[in-house]
Amino acid sequence: MRFDLFKTCFFSFTILSFTVVNTFPQVNPVLKDVFKDYFMIGAALNQAQSSGKDMFSVNLVKKHFNTVTPENILKWESVHPEPEKYNFEPADTFVDFGKKNNLFIVGHTLIWHNQTPKRVFEDEQGNPVDRETLLNRMRSHIHTVIGRYKGRINGWDVVNEALDEDGTLRQSQWLEIIGDDYLIKAFEFAHEADPDAELYYNDYSLENEPKRNGAIKLIKKLLAEGVKIDGVGLQGHYKMDWPTTSQLDSTIKAFAALGIKIMITELDVDVLPYDWQNHGADITLNIELQEKLNPYKNGLPDSVQQSLAKRYASLFDVLTNNNETVSRVTFWGVSDKDSWLNNWPVRGRMNYPLLFDRNGEPKPAFEAVIKEADKQNY
Ligand code: GLA
């Protein structure tokens, strides 16, 4: 008798829970499902995450994201630390993780002026190599790295940050040694290595007009040369007051007019004060820690939490309105605890730039973003 009562209660409870979950799916919304008709939703993973060591973040990734980018392990200095030595193990693990979980995998990044060993540009005596030598090194690196993951890595940031703030080409060693066709060559080599992979140009501060115009000119030139370029990545390292929503909207529309995809590739919103001019993400910037630059070290006041939620809502309002051309929105990190913004451009601060807090709990910004996806239903 008692057992029957127990059974009845158990089944009623199960049916009730099932009904609640299915009638009110928004009780526990999942980012990738909520945005499935808009764009892919991604996160950059560090090595502890892609190797499965940090299960706390892995669970969030599996639940909420359908695309991943490796934070560091495919950068030249990590994957190709010495001339004859590639270090593929961490990247293999990352790609296996992505495949096993059915994720769209982004390769970041092939050609960049940072996190590239000096010796790439030098001969054994330390003198700059000539154009042919550097082109050969570039071709060999791109073919080896893309070739290894052919058909498995779906899209590549072929060139990262080739532009200066005024929209002219950055005086990198790639430019100085090869000349301004180095971007054409990089995209050609990438296309040869995996004709089916999507290929992107990725940069920060493209929302500022001079730099955006430079990128448009650059992409037009690549297209005119018959180069395969599928999209542009706006890194999306944003502040509370930059860029304005109209800057973001007009930037997306300007690139869309070129007929290429637009991706937000490294999204985060820095809530901490800054008194330097730089809006960008120049990783060499290093500012000394001062108390006034680290005001929320004991927690984020509710008023700032709410402002961050509003800021995210306004950014996602623009992104969802442009969903026909925005194909992916990737956050640079999973939760606040791992964000690079805890250490850049000032080391040792407490920052709050993402949708999940240090305990992996969704923040008010998460709810605000979800509401933007739902707005068409209201
Ligand atoms: C740039 C790069 C990224 C990463 C971030 C900071 O935006 O594209 O690879 O280094 O800086 O973490």
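The values are calculated or read from the model by the stated rules, or taken from the named source; none is laboratory data. These numbers come from a predicted model, not from an experiment. Here the Cβ is made from the backbone with ideal geometry for all residues, glycine too, and neighbour counts use every protein chain on show.
When the range 101-132 is examined, which residues are found to be over 20 Å from Asp196 (Cβ atoms), part of a strand (DSSP E or B) and out of contact with any Phe, Trp or Tyr (no Cβ under 9 Å at 6 or more places or on another chain)?
Glu122
Is there a residue in the range 159-168 that is surrounded by 20 or more Cβ atoms within 10 Å (Cβ to Cβ), in contact with a strand residue (DSSP E or B) (Cβ under 6 Å, 6 or more places away or on another chain) and polar (S, T, N, Q)?
yes
Residues of the range 336-364 being outside any helix (DSSP H, G or I), within 15 Å of the ligand (Cβ to nearest atom) and under 20 Å from Ser50 (Cα atoms), which ones?
Ser339, Leu354
Where residues in the range 1-36 are loosely packed, with under 10 Cβ neighbours inside 10 Å and within 30 Å of Glu324 (Cα to Cα), which of them is modelled with the highest pLDDT?
Once the filter is applied, the top-ranked residue is Asn28.
Exactly one condition in (1) surrounded by fewer than 23 Cβ atoms within 10 Å (Cβ to Cβ); (2) touching a residue at least 40 places away in the same chain (Cβ under 8 Å); (3) more than 16 Å from the ligand (Cβ to nearest atom) is not met by Asn208; state its number.
Result: Asn208 passes all but (3).
Taking Trp174 as meeting all but one of (1) of a type in the set (Phe, Trp, Tyr); (2) within 16 Å of the ligand (Cβ to nearest atom); (3) within 17 Å of the chain's Cα centre (by Cα), write down the number of the exception.
For Trp174, the exception is condition (3).
Every residue, every condition in (1) farther than 23 Å from Leu223 by Cα; (2) away from the ligand (no atom under 16 Å from the Cβ), yes or no:
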position: Pro128; (1), (2): yes, yes
position: Ile142; (1), (2): no, yes
position: Glu165; (1), (2): no, no
position: Glu192; (1), (2): no, yes
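Taking into account only those residues within the range 101-114 that are in contact with a strand residue (DSSP E or B) (Cβ under 9 Å, 6 or more places away or on another chain) and not hydrophobic (A, V, I, L, M, F, W, C), which is farthest from the ligand (Cβ to nearest atom)?
To start, the set of residues in the range 101-114 that are in contact with a strand residue (DSSP E or B) (Cβ under 9 Å, 6 or more places away or on another chain) comprises 101, 103-114.
Okay, now just the ones that are also not hydrophobic (A, V, I, L, M, F, W, C), so 101, 107-109, 113-114.
Details: Asn101: 22, Gly107: 12, His108: 6, Thr109: 6, His113: 11, Asn114: 7 Å.
Residue satisfying both the conditions and the ranking: Asn101.
Evaluate the range 115-125: report whether one residue or more is closer than 13 Å to Leu183 by Cα, within 16 Å of the ligand (Cβ to nearest atom), surrounded by 19 or more Cβ atoms within 10 Å (Cβ to Cβ) and not aliphatic (A, V, I, L, M).
No: zero hits.
Output the residues belonging to the range 33-48 that are within 15 Å of Gly98 (Cα to Cα) and either more than 16 Å from the ligand (Cβ to nearest atom) or part of a loop (DSSP other than H, G, I, E, B) (or both). Please lay out each step first, then the result.
Going through the range 33-48, the residues within 15 Å of Gly98 (Cα to Cα) turn out to be 40-48.
Passing the criteria: Met40, Ile41, Asn46.
Where in the range 49-100 are there helices (runs of 4 or more DSSP H), lying wholly inside it, with at least 2 residues that are within 16 Å of the ligand (Cβ to nearest atom)?
76-79, 89-100
Could you check the range 299-316 and list, in sequence order, the residues that are of a type in the set (D, E, K, R) and surrounded by 15 or more Cβ atoms within 10 Å (Cβ to Cβ)?
Arg311
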